[in-house]
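All remarks here apply to the structure that follows.
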Amino acid sequence: MSDLDQQLLRANELISLGRDAQAMELLLRLLRENPGAAGHIELSLGRAHLKANRYAEAETHARRAIAQFPGEPTGHLILGASLQMRGRRQEALGPYLAAVRLDPDQAIAHRALAEVFSDLGRHRESFEAANQAVRLAPDDAESHFTMGYALQDTNPQEAARAYRTALSIDPHHTTAKHNLAGISAVGGDWATASQGMARVLSEEPGAQSPIFVLDQRLVGVIRWLHWVTAGGYLLFGMAASTGAWPALGAALVAVGLGLFLGYRGIRPIRAALPGGGERFFAGFWKRETIAAIWLALLVLAWVLMLVGSIGDVLLGNGMRWLGGPALVLVIIGAILSWVRVPLANRRAERVRRRL
């Protein structure tokens, strides 16, 4: 092995260890000193940038490597990944197909192709590519994970089975644990989903995707509360026309049902996260500011209905009118629920790229 080969091997070890600054320093020095071996070095530079989430730079170096070695599949894989991670999935297909064509016995190329096909909604082709990856590398957890990824939208039960197979091979495969919990969440089993996401967070405290999924659970609870509040206001309005006590009864029903549904909705999260999820709940308003404002408006609507009806019962001075603005708050909350959708979608895309 030449000195250059040894240095490249060392650089790739540094990349795998996450020691980005050292790897880049070494690779850039090698590039200056060995212009004739630029193609090999460009491959490693592309891999280093990809590992560090510098996708535009990874694309640049991958294209340079491909120009030097068009028959080397690694350059095409790096190019495809750099495009895919920036949401350019359709463009990523070409490089991945090229990698498969150049080395059809390489499972990683079939896995990459399966995932981008799945992202594009081409589920049959995704399954075929994932099946090929499993055939080529049956003992590789990543291949079974990719099968789960390919099936998740069309056959969640089989996807869960594939994820469990991946975990039987690699019990520390965090993304498989995450996606298994996600299947439970989609199926409405939030106790299992919250436990699964909590396990992911215990292994990767900085992981954003479990936090995002649990945040969406809270947003779902707020959505329930919105409809309860809207229905409660209608009931309150009808009851208020008949007297103070019926209005108070309607307000108590609305608030009581809201509190019950809220408690039931957050109970799985509180049970799964350490400390009852105190840190998670405390940070929710920063992560989902619009949803937090939405919730505050609903709570204020409850307060207005309660204060108005209680004041009317105790003082008999027609304070029921205080419940009127509750309708305005409910309408504003509905508007905010729509405003947050594009923001949540952008956050989801950022989180997805980090998986």
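The values are calculated or read from the model by the stated rules, or taken from the named source; none is laboratory data. Remember, it's a predicted structure, so these values are computed and weren't measured experimentally. Cβ coordinates were reconstructed from backbone atoms using ideal geometry, including for glycine residues, and neighbour counts include every protein chain displayed. Ligands, DNA and RNA are stripped out before the accessible areas are found, and what is left, the full protein with its side chains, is counted by its heavy atoms. Shrake-Rupley method; radii C 1.70, N 1.55, O 1.52, S 1.80 Å.
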Among the residues of the range 227-234, is any free of Cβ contacts under 8 Å to residues at least 12 places away in the same chain and either more than 14 Å from V299 (Cβ to Cβ) or open to solvent by 20 Å² or more (accessible area, probe 1.4 Å) (or both)?
-> yes
Of the residues Q84, Q68, Q22, which is of a type in the set (S, T, N, Q), on the phi < 0 side of the Ramachandran plot, surrounded by 17 or more Cβ atoms within 10 Å (Cβ to Cβ) and touching a helix residue (DSSP H, G or I) at 6+ places or on another chain (Cβ under 6 Å)?
-> Q84
Would you point out the residue of the range 239-255, among those that are farther than 17 Å from W227 by Cα and of a type in the set (A, V, I, L, M), that is modelled with the highest pLDDT?
-> L248
Read through the list (1) closer than 23 Å to L83 by Cβ; (2) open to solvent by less than 50 Å² (accessible area, probe 1.4 Å); (3) of a type in the set (A, V, I, L, M, F, W, C), then give the number of the only condition that A160 fails.
-> (1)
If you check L4 against the conditions, is it open to solvent by less than 80 Å² (accessible area, probe 1.4 Å) and either free of Cβ contacts under 8 Å to residues at least 24 places away in the same chain or of a type in the set (A, V, I, L, M) (or both)?
-> yes
For the subset of the range 107-144 comprising residues that are more than 17 Å from L77 (Cβ to Cβ) and hydrophobic (A, V, I, L, M, F, W, C), which member is least open to solvent (accessible area, probe 1.4 Å)?
-> A141
Of G258, G277, G311, G262, the only residue that is among the small types (G, A, S), open to solvent by less than 30 Å² (accessible area, probe 1.4 Å) and within 19 Å of F212 (Cβ to Cβ) is G277
